[in-house]
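Data block below; observations after.
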Amino acid sequence: MQGLDIELVDVSMRFGDFTVVQPTNLKIGAGEFFSILGPSGCGKTTILRMISGFLEPTSGDIKIGGKSMKGVGPHKRPTALIFQNLALFPLMTVWENVAFGLEMRGWSKHERRKKSQELLDLVALGDESHKMPNELSGGQRQRVAVARALAVEPAVLLLDEPLSALDLKLRQHMRSELRQIQRKTGVTFVYVTHDQGEALTMSDRIAVMKAGAIEQVATTDAVYNAPATAFAATFVGANNIFKGTIIEAAQSTAVIETKCGVLRGDNPQRLAVGTEATLFVRPEKMQILSEDNGLDNEIDVEFQRRDLEGPFVNLFFRRNEQIFSVHLTNVDRTAQDPGQQCVIGFAAQDAMILPAGDMADE
Ligand SMILES: Nc1ncnc2c1ncn2[C@@H]1O[C@H](COP(=O)(O)OP(=O)(O)OP(=O)(O)O)[C@@H](O)[C@H]1O
Ligand SMILES: [Mg+2]
């Protein structure tokens, strides 16, 4: 199996008067694990269905391996799709489920048996081939679905929230399984999810989507460490938020006036003085300060509560009506009392100032 690249050229989708995918340009590399991440209803499934050929775009062109897919039906494309609510055939054994698409393609029983065994070995289910689907765990069933999709040797595997029905432990386990299967096969994976943890742990790159438009396409590190928009900053991971106006801008840093005072941070987009902007700081970049740490940014707050996560603790502080969080490893034994006055702060280089915009939690 060999992955192919995918290119969306001005692809849009409209249902009646409602544009669910704005004109979109996107390149996905051959053999890449690429995720499309966004909230429910933003158009993720619609994009997958257009790539797979089950839905014809209203405008634009989709190329796979450099070839236009205009007029090419779903079964003629080098793609396989694992649906959002998948089901195995309950009355067929595991191996028959995997081999199902091959029978339709005229493979002999012996060939089908051999191919499905190879694929079941690949997804670490080689010993379960004679079981019925209801004798498998949820995660095992999901792996059978992956093997079944790979049986037709697609160059592109499209996965639509394939783990959403599984419990948390299994979901986390399946992340590394899917990543390994993708690496072993070299097939291009396009993975749709609204779960940022899934997207961050598995992908090479992520497209962050909001309301029918892609807001940012970047490596997982860049999406987390250098979000391009207020939405990306708040949808992927947690952030402390300070809204305000830029009052000073010099090269790549800026100063913003907020309700919590004047704060300094990185200004990657070189926003000018007078711009409505928001400063973001990840909770793990915040510190609790004693007397004079001499940090760039310090804020007087009132301690509210502490949530234990095991290896980590989340501390919550309040100022006016706003809550700020500080994420620490569970080695700091300093205790705060509810209502206690504290100072929290952060270095300018750990904060990012972005244009004002819609946030994920609003
Ligand atoms: N056939 C259709 N006719 C009209 N509207 C549709 C159709 N299919 C999808 N939509 C609308 O398009 C929007 C995007 O749907 P889509 O299924 O792509 O979202 P999604 O990002 O996959 O969401 P989820 O995470 O809930 O699966 C939604 O508002 C949906 O109601
Ligand atoms: Mg969907």
Item to complete: Please work out the Cα center distance from region 110-129 to region 21-43, rounded to the nearest Å.
Response: 31 Å
Worksheet item: In terms of Cα to Cα distance under 18 Å, which aspartates and glutamates are near enough to Lys131, apart from those fewer than 8 places away along the same chain?
Response: Glu96, Glu118, Asp121
Response to the item:
Taking a straight Cα-to-Cα line shorter than 19 Å from Lys243, and setting aside same-chain aspartates and glutamates fewer than 8 residues away, one finds Glu257, Asp266, Glu276, Asp296, Glu298, Asp300, Glu321, Asp350, Asp358, Asp361, Glu362
Worksheet, complete the sentence: When the charge dipole of the chain is computed with +1 at the Cβ of Lys and Arg and -1 at the Cβ of Asp and Glu, the Cα pointing farthest to the positive end, of Met359, His130, Thr229, is that of His130
Discussion item. Quick check: net charge around Val255, other residues with Cβ under 11 Å of its Cβ, Lys/Arg +1 and Asp/Glu -1?
Written reply: -2
Practice prompt. Can you tell me the relative contact order of the chain? Whole percent, Cα pairs under 8 Å, sequence separation 6 or more.
Written response: 16 percent
Fill in: Arg183-Asp337 FRET efficiency (beta carbon distance; Förster radius 41 Å; 0.05 resolution)
0.25
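Starting from 0.36 nm per residue, how many nanometres of slack lie between Gln269 and Arg305 once their C-alpha separation is accounted for? Walk me through the intermediate numbers first.
On the way: separation 36, 0.36 × 36 = 12.96 nm, distance 3.51 nm.
Using 0.36 nm per residue and subtracting the Cα-Cα distance, I get 9.4 nm.
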Worksheet item: Where does the charge balance sit around Gln22 when Lys and Arg score +1, Asp and Glu -1, over other residues with C-beta under 12 Å from its C-beta?
Response: 0
Response to the item:
Of Leu315, Leu119, Leu263, the most mobile residue in a GNM of the chain (C-alpha springs, cutoff 10 Å) is Leu315
Worksheet item: Considering the chain as a Gaussian network with a 10 Å cut-off on Cα pairs, which listed residue, Pro39, Pro57, Pro90, attains the greatest mean-square fluctuation?
Response: Pro90
Discussion item. What number comes out for accessible area per residue over region 201-330 if the probe is 1.4 Å? Units Å², please.
Written reply: 47 Å²
Worksheet item: Calculated from DSSP H runs of 4 or more alone, at -39500 (n - 2.57) each and per residue, what is the 222 nm mean residue ellipticity of the chain, nearest 500?
Response: -7000 deg cm²/dmol
Response to the item:
Any DSSP H helix in the chain with Cα axial reach of 24 Å or more and mean Kyte-Doolittle score of at least 0.0? Listed by number, the hits are none
Worksheet, complete the sentence: Applied in sequence order to region 314-325, the curve 6.51 cos²θ - 1.76 cosθ + 1.60 (Karplus, θ = phi - 60°) yields integer Hz couplings, x standing for Gly and Pro, of 10, 10, 10, 10, 10, 9, 6, 9, 9, 9, 10, 10
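At a 1.4 Å probe radius, which order do Ile256, Ile214 fall into by accessible area, largest first?
Correct descending sequence by accessible area is Ile214, Ile256.
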Discussion item. If I build a Gaussian network model for the chain, linking alpha-carbon pairs within less than 10 angstrom, which residue out of Asp332, Asp221, Asp300 has the largest mean-square fluctuation?
Written reply: Asp332
Discussion item. With a cap of 13 neighbouring Cβ atoms within 10 Å, and only residues DSSP puts in a loop, list the GluC sites (Glu not before Pro) found in region 193-291.
Written reply: Glu291
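The values are calculated or read from the model by the stated rules, or taken from the named source; none is laboratory data. These numbers were taken from a predicted model, which means no experiment stands behind them. Because the Cβ atoms are built from the backbone with ideal geometry, glycine has one as well, and the counts that use them run over all protein chains shown. All accessible areas refer to the heavy atoms of the entire protein, side chains included, with ligands and DNA or RNA removed. Shrake-Rupley method; radii C 1.70, N 1.55, O 1.52, S 1.80 Å.
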